[in-house]
Amino acid sequence: FMGLKKMNNKVFDIDTTMKMLFAATNINGSDLELVKSVQSSFDIIKKRIPSCKCVLLVPDGSGMLRVSAKTGFLKNMVFMPKENKNYVWECYEKFSDKIINDISEIDKAILGGFCDEKDNGSFAAIPLLNESENICVGVLVIIADIKDSFDYDTVELIKLVSHYLAALINRTKYYQEIKERNTRLELEGQFASKELFNKNVLITKRIKNMNTVLDILVYAFEKETVEKSVSYILDKVKEMFGAQSAGILIYNNDKHELHSFSNSFGLQQDLTIINEKDTIYDEIINMGKPIVLNDAVQVGKYLKTPLQDYIKIDSAVFMPVKLKNDIMAVFVLINKNDEDFGSSDLKMLEYISVIIAGMIKK
């Protein structure tokens, strides 16, 4: 494990950065509030690369990318037609990052018109993805005056920010949908339908869960030790999902074993699980994908683990915790109280697994 202090020194001031992210996502959904929140997200990047310029482009529905927010640019660019083939459009259409750490020798036109011929720094275009719908909702472009500005840690930070920019855009979209639907029903003199009510409830729950994730980001890293941080995360996740138990199993690749992290599953003793072939853990380690067991029949058929000696498991979700493509741990949530584990639950747990990956090392 790498200590929290060492990790903070290597990456960035996590406390300040995550508080800024929390502020950036605390919006109601209007375009003006979105722009303000995007500017706060830009501040996070400029904290890492002080002299950089940032711009957010979103599709406008007419075959063009529209500049939604920018900082540091003097050019009055508003739209980018699809005919302008460049790295920004390629990033948007192919869902692919474009990172260039030296733009001095390339044709600046390929960079989307954001760079002058005299510029010789670095360029990055990052797609903003709505993974649940498999669409790109925008592109984050960053121009740095200095070459080699985008090292591994900086790119990871930018991707984290882009992840929440995508969430901001989606949240604004949801709010606008609800606002338009409610207005239409009001003009027609109708009461909100059950479908509308359920969608409102669902969106409210999504927002509450996202705020809980942000709360974890803001406060978990203030704890003195990794153990306290993990304990905090487990408590918040159980509260979020109404689950009976949660824990983290650290994977030892050399011994092919998983060991329970401190206070996981409410157990005082350490738990060791051998990663044997054709077990559920072997599948998670090899495939790198989450596994959901939503009833006792599935649990009895697929799950053979010492955990069942301590906890009666009726349902569970197993989420791999990855750093790059390496499995570091398995995050386990047991016995959701009110309903089955669904796709939205998996998305929230995936967000949280990114936080956990940043706190523990092999």
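Among the listed pairs 159/289; 53/236; 94/147; 36/82; 98/238, a Cα-Cα separation exceeding 30 Å is found for 53/236; 98/238. Of the residues 321, 354, ranked by 1.4 Å probe accessible area with the largest first, the sequence reads 354, 321. Taking 66, 171 and ordering them by how much accessible surface each has at a 1.4 Å probe, largest first, produces 66, 171. Is the stretch 65-125 best put as rounded, prolate or oblate by its Cα gyration tensor, with a ≥ b ≥ c the root eigenvalues, rounded for a/c under 1.5, and otherwise prolate when a/b is larger than b/c, oblate when not? It comes out oblate by the Cα gyration axes.
Peptide packing for 289-299, 116-126, 268-278 was compared via the average number of neighbouring C-beta atoms within 10 Å per residue; ordered from the highest value, the list is 116-126, 289-299, 268-278.
The residues of the stretch 51-152 expose, per residue, 48 Å² of accessible area to a 1.4 Å probe. In terms of the Cα gyration tensor, with a ≥ b ≥ c the square roots of its eigenvalues, is the stretch 228-307 rounded because a/c is under 1.5, prolate because a/b exceeds b/c, or oblate? Oblate shape, in that a/c is at least 1.5 and b/c is the bigger or equal ratio. Shape analysis of the stretch 250-362 places it in the rounded category; the axes a ≥ b ≥ c from the Cα gyration tensor give an a/c below 1.5.
The values are calculated or read from the model by the stated rules, or taken from the named source; none is laboratory data. Keep in mind the model is a prediction, meaning the values are calculated, not measured. Glycine gets a Cβ as well: all are built from the backbone with ideal geometry, and neighbour counts include every protein chain shown. These accessible areas exclude ligands, DNA and RNA; they are computed on the full protein's heavy atoms, side chains included. Shrake-Rupley method; radii C 1.70, N 1.55, O 1.52, S 1.80 Å.
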